[in-house]
1. Give Lys4/Lys46; Lys143/Lys268; Lys79/Lys159; Lys46/Lys160 a once-over and call out the pairs whose C-alpha atoms are over 32 Å from each other.
2. May I ask which residue of Phe100, Tyr173, Ile83 lies farthest towards the positive end of the charge dipole of the chain, with charges of +1 (Lys, Arg) and -1 (Asp, Glu) on Cβ and the Cα centre as origin?
3. Where does the range 219-306 land on the Kirkwood hydrodynamic radius, alpha-carbon pairs, in angstrom?
4. Using the number of other C-beta atoms within 10 angstrom as an exposure proxy, rank His104, His318, His176 with the fewest first.
5. What size of dipole, in debye to the nearest 20, comes out for the chain about its Cα centre when the only charges are +1 on Lys and Arg C-beta atoms and -1 on Asp and Glu C-beta atoms?
6. Projected onto the charge dipole of the range 231-303 (+1 at Lys/Arg Cβ, -1 at Asp/Glu Cβ, origin at the Cα centre), which of Gly266, Ala291, Asn238 gives the Cα projection farthest towards the positive end?
7. Is there a quick way to get the dipole size of the range 150-254? I mean about its Cα centre, with the Cβ of Lys and Arg at +1 and of Asp and Glu at -1; what is the value in debye to the nearest 20?
8. Hydropathy at least 0.0 by Kyte-Doolittle, axial extent at least 18 angstrom from the Cα trace: which helices of the chain, defined as entire DSSP H runs, fit?
Amino acid sequence: MKGKTILVTGGAGFIGAHAAKRFIELGAKVVIVDNFNAFYDVDFKKDRLNALLKKNTYKLYKVDIGDFKKLEKVFKENKINLICHQAAQAIVRHPHADPFTYEHSNIRGTLNIFELARLHKIKTVVFASSSSVYGDSPKSPFKEVDPTDLPASLYAATKKSDELLAHAYHHVYGLHITGLRYFNVIGPWCRPDLAPYKFLKLVMNGKEIQMYNYGKMTRDFVHVNDVVDGIVKAFQKNLPFDAINIGYGKPVPVPQIVTIIEKETGIKARIKLMPLPKEDVVDSYSNVSYAHKILGWKPRVKFEDAMKELISWYKEYHQL
């Protein structure tokens, strides 16, 4: 990657900022695109970018990837070699309130990226897919060969659409595109809407946690540094086309998040048990044997250690 110019979309986001940091450390030139939308606190995004990239040199464009003309200007002004496409409107439950924002960012935005890669002869793209493409499958752990044609949410449908667009651009135009199906990513500077951060904030502020399916849910949590390792290896392998799970490979009962928070903070959580929302799934965890086989990648950070790191970072950032 040394000497390459890498475009990172969503570069002020959780995974994007960590990826940009790693690329710079590996000797790459980084161009960041982010629209700094108000899905969560814009100042938090700026703080994240400043903390992770510090005094490193990079180019930053405040651009919406759904705006083809403005995005095209970024491509014209920079000789881009690789694309790390992380920008997306995230979270499973929110799209029902604003479905067209998800279509604009996740489908049109991704189409713009692939089309501009084609026009500017950029061969290699690694993009963020999602574990949500597996839907509410009763079969766990999820494997890449499992069906992904019955999404349980509009968000999942947009991510499945991205994978289909990726295959079309590979098949027709020869682009090398790898979609990484992230499970639940955790670590310092994680998104405030994610359960570990959200639960921690509620506990620290003495507020009630709403726990869905009456607490009978499991999730697979993978550390952001492990995710970035996967992104780097995907670039190094430069596969013609693939979709690969990036998770830890171990189901964590959701109540365990709260147990660790209580232990590390000394504060008793207030919990309200709730039914399962229609667009949510009960169990979601990964089989990562294919990632090990095809990328030579394995996760390293255990969930308990990742939670302790998150709590420590949260206290420092909020000066508690």
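Taken together, the values in this text are just the output of simple stated rules run on the coordinates, not laboratory data. Note that the structure is a prediction, hence the values are computed from the model and not measured. A quick note on method: Cβ atoms are made from the backbone with ideal geometry, for glycine too, and the neighbour counts reach across all protein chains shown.
1. Cα-Cα > 32 Å for Lys143/Lys268; rest within.
2. Of the options given, the answer is Ile83.
3. Hydrodynamic radius (Kirkwood, Cα only) of the range 219-306 equals 15.1 Å.
4. With the sparsest Cβ surroundings first, the list reads His318, His104, His176.
5. 880 debye
6. The one lying farthest along the dipole's positive direction is Gly266.
7. About 260 debye.
8. Taking the DSSP H segments of the chain (at least 18 Å long, mean hydropathy at least 0.0), we get 224-237.
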